[in-house]
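Data first, discussion second: the structure below is written as structure tokens.
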There are 2 protein chains.
Amino acid sequence: MVSPEPAATTGTVTRVTLADVAALAGVSASTASLAFSGSGPVSDATRERVLAAASELGYAGPDPRARSLRRGRSGIVGVVLEERVRAAFLDPVKIQTLDGLTEGIAPLGAGLLLFTDSGDPDAPVSLDTAPVDAVVLIGCSPKFFRQVEALQRRGIPLVAIEGAPGGDIPEITIDNREATRLGAEHVRSLGHTDVATVTLPFEPTRTRGELTPEMEAGATVDTAVERLRGARDVFPDIRVGVAGASSIEEGLEAARLLLADAATRPTAIIAQSDLLAAGVIQAAEELGLQVPRDLSVIGFDGIRVDGLQHDLTTLVQPSVAKGRAAGEAIVRMLSGEAASGTDFTSTLHVGDTTAPPRA
Amino acid sequence: MVSPEPAATTGTVTRVTLADVAALAGVSASTASLAFSGSGPVSDATRERVLAAASELGYAGPDPRARSLRRGRSGIVGVVLEERVRAAFLDPVKIQTLDGLTEGIAPLGAGLLLFTDSGDPDAPVSLDTAPVDAVVLIGCSPKFFRQVEALQRRGIPLVAIEGAPGGDIPEITIDNREATRLGAEHVRSLGHTDVATVTLPFEPTRTRGELTPEMEAGATVDTAVERLRGARDVFPDIRVGVAGASSIEEGLEAARLLLADAATRPTAIIAQSDLLAAGVIQAAEELGLQVPRDLSVIGFDGIRVDGLQHDLTTLVQPSVAKGRAAGEAIVRMLSGEAASGTDFTSTLHVGDTTAPPRA
DNA sequence: CTGTTAGCGCATTCAG
DNA sequence: CTGAATGCGCTAACAG
């Protein structure tokens, strides 16, 4: 057995190739290759000789770049998030989706290549120059059309989660409108008639405040629009407060506005996310209102809001499953099968934040 | 001008190469290459001809795999997190660090390749078979030594953030012990003598409860150990509650234990993270204790805890800067310069959660 | 300004 | 079971 010591301590980073190893082992390059990949018929004696030569030379295995050119696969799946890292990962649903995605592509043994906004406008989002085997778009705008087209031409499988890029790209979606309607119906069935809603932003610039017709017309975020539709299916004239993001802070702000005037105060608020709902609850508590006695609150997502003491009534969406489905679609497409999208269903979880209105 | 239409609608994904484009344009492959990279001297007429040929054939640009073999660079930086995505991104500090890292490597125009635990024990964490130009280790254990060694042999620049892999790998660290000592001194200077601390987990299995000598002996998480040392520098006999993770929930649990007995109740708690501190505050409020009147609380990190109404007294660590520094070190190393680590300093932010003990 | 030549490092034919 | 030859698709030198 050759000691690996010299290799480890050799400061010189001379490029050692498979050919070098083969030469030292006294075999051909192809044999050496087989010895490494383990996939071919190689005698144990030969393999050992190759491995010994490798460790003597400090050969670290096949060069991934050459390997991926030769095999036509890089073992990398791209994920496009179109925000700054800190913004994207503020959203628990995205994190869970990403988690599901890692699960889904696990059989590939592939890594996830993150494409996010670096803040530097000059830095090219080199989505179309990256060695990816497939790409998952998460909540992306049409901004990427050019690059997406290029990927398609190259035959790279694409899947979209929430945010329809069109074409024949499989989409993973949920029933935003129907689910919200379900929640709204729950609220109505409890006897509420005076209801307001706190929505997610309607466009990337994240204008907040009471919803104006212009904002609604310029909406680009389908999720917000669809969920609002669902609420309106039940409460057509619902008052709408728009948050600047999905966070407790923003929910608090929006709810302060909606709850400010005791005379026009709603008895229930439908929040478009659990974080917003947590903020709404805080706003209520600030005003000395008790949830659910004085105000019913319903959320969306079904995440566990860290630190929230209530069992939030909410629409539980399968965020992890969404990611996993995307991953599985990718796996299928990479093995040549066709894949179609999936539309998931959310379920109503009735917790302790909704109750009949007082008197 | 040739219409791009046919290319876009062509369903067949025939592999179009640069050579094909060059042939159609009636130029050599190298000229066509220059026309694409834009880096060489090419006449406008020729360039246009090449581009026209490309769009006619539906050529989507150079193949990234071939390009990276030829250039010896893939434009990818690996990030190792050694947890599940959902666990890693629960930690705001890691998110900010990652955000800083994207900033830091922006000049590279490179993407971040995430290496996390997929949950599937069979899936190889193929860190050493991935086409990365450099790798950043974030809070990693010795578990990766083998792979790290392989990367080093291959001459791939490595940087570690929090979690010393040893060797000559540059490390980005903060003054965990000194900073905590500073915070503890602040608490003592207010007059507190009866102080407890809530720590981060001491090892990956995340055992929680009162600290036992065995747990302390088996500690593998430097951050927790160092911060505890800092607290002991000021309060040698401090009571220690160990949390199972950095979250509000865990802080709440740990603090409930520490505050349970009114007779032995501390007047101040030093939490090893802001999330834990938020949980401690919740526990206090549950018991009808007012912060800071009845209990002083100090955190660590300096993140904005979403939904926390207090201005938390805490040790503000430069999490974004840490990531950026790592990124910059990578950039330097890739351009051949040597890079050394950086040790950052945290600063005490005195908010409204610390005050002298009552009477 | 453009064409010719020569590999990058490996994995896969196909013979032996 | 092993070796020799071939090219993945591109770009960097160098001539012209």
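What to note about this one:
- Some residue of segment A:138-149 being more than 8 Å from chain B (Cβ to nearest Cβ), modelled with pLDDT of 95 or more and within 14 Å of residue A:324 (Cα to Cα): no
- Any hit, segment A:19-27, residues being more than 22 Å from residue B:146 (Cα to Cα), of a type in the set (A, V, I, L, M, F, W, C), near DNA strand D (Cβ under 8 Å from one of its atoms) and crowded, with 16+ Cβ neighbours inside 10 Å: yes
- When B:195, B:221 are checked against the criterion of being at pLDDT 95 or above, outside the structural domain of residue B:327 (by TED's automatic domain parsing), crowded, with 17+ Cβ neighbours inside 10 Å and among the hydrophobic types (A, V, I, L, M, F, W, C), B:195 stands alone in meeting it.
- Cβ-Cβ under 9 Å pairs, at least 6 apart or on other chains, segment B:145-160 side at negative phi, far side among the polar types (S, T, N, Q) and part of a helix (DSSP H, G or I): B:158/B:152
- The condition (being in a loop (DSSP other than H, G, I, E, B) and within 14 Å of chain A (Cβ to nearest Cβ)) is satisfied by just one residue among B:245, B:219: B:245.
- For segment A:193-216, filtering for residues that are in a helix (DSSP H, G or I) and more than 17 Å from residue A:239 (Cα to Cα) leaves 0.
- Matching residues, segment A:188-217, being under 19 Å from residue A:259 (Cβ atoms) and of a type in the set (Ser, Thr, Tyr): A:193, A:197, A:199
- Considering residues of segment B:161-190 that are at positive phi and surrounded by fewer than 17 Cβ atoms within 10 Å (Cβ to Cβ) only, the residue farthest from the chain's Cα centre (by Cα): B:167
- Take the conditions (1) more than 15 Å from DNA strand D (Cβ to nearest atom); (2) at pLDDT 90 or above; (3) in contact with a helix residue (DSSP H, G or I) (Cβ under 8 Å, 6 or more places away or on another chain); residue B:113 misses just one of them, which is (3).
- Pairs are defined by a Cβ separation below 8 Å, a sequence spacing of at least 6 or placement on different chains, a first member in segment B:64-92 that is on the phi > 0 side of the Ramachandran plot, and a second member that is in a loop (DSSP other than H, G, I, E, B) and among the aliphatic types (A, V, I, L, M); the pairs so defined are B:75/A:130; B:75/B:110.
- 1 or more residues closer than 28 Å to residue B:64 by Cβ, within 9 Å of chain B (Cβ to nearest Cβ) and within 12 Å of DNA strand D (Cβ to nearest atom): qualifying helices (runs of 4 or more DSSP H) within segment A:39-110: A:64-71
- Checked against the criteria, residue B:337 does not count as charged (D, E, K, R), under 24 Å from residue B:262 (Cα atoms) and without any contact (Cβ under 8 Å) to a residue 40 or more places away in the chain.
- Restricting attention to segment A:1-54, the residues that are closer than 26 Å to residue B:72 by Cβ, at pLDDT below 85 and away from DNA strand C (no atom under 11 Å from the Cβ) total 9.
The values are calculated or read from the model by the stated rules, or taken from the named source; none is laboratory data. It should be emphasised that the depicted structure is a prediction, and the values quoted were computed from it without experimental measurement. All Cβ positions, glycine included, derive from the backbone under ideal geometry; neighbour counts span all protein chains shown.
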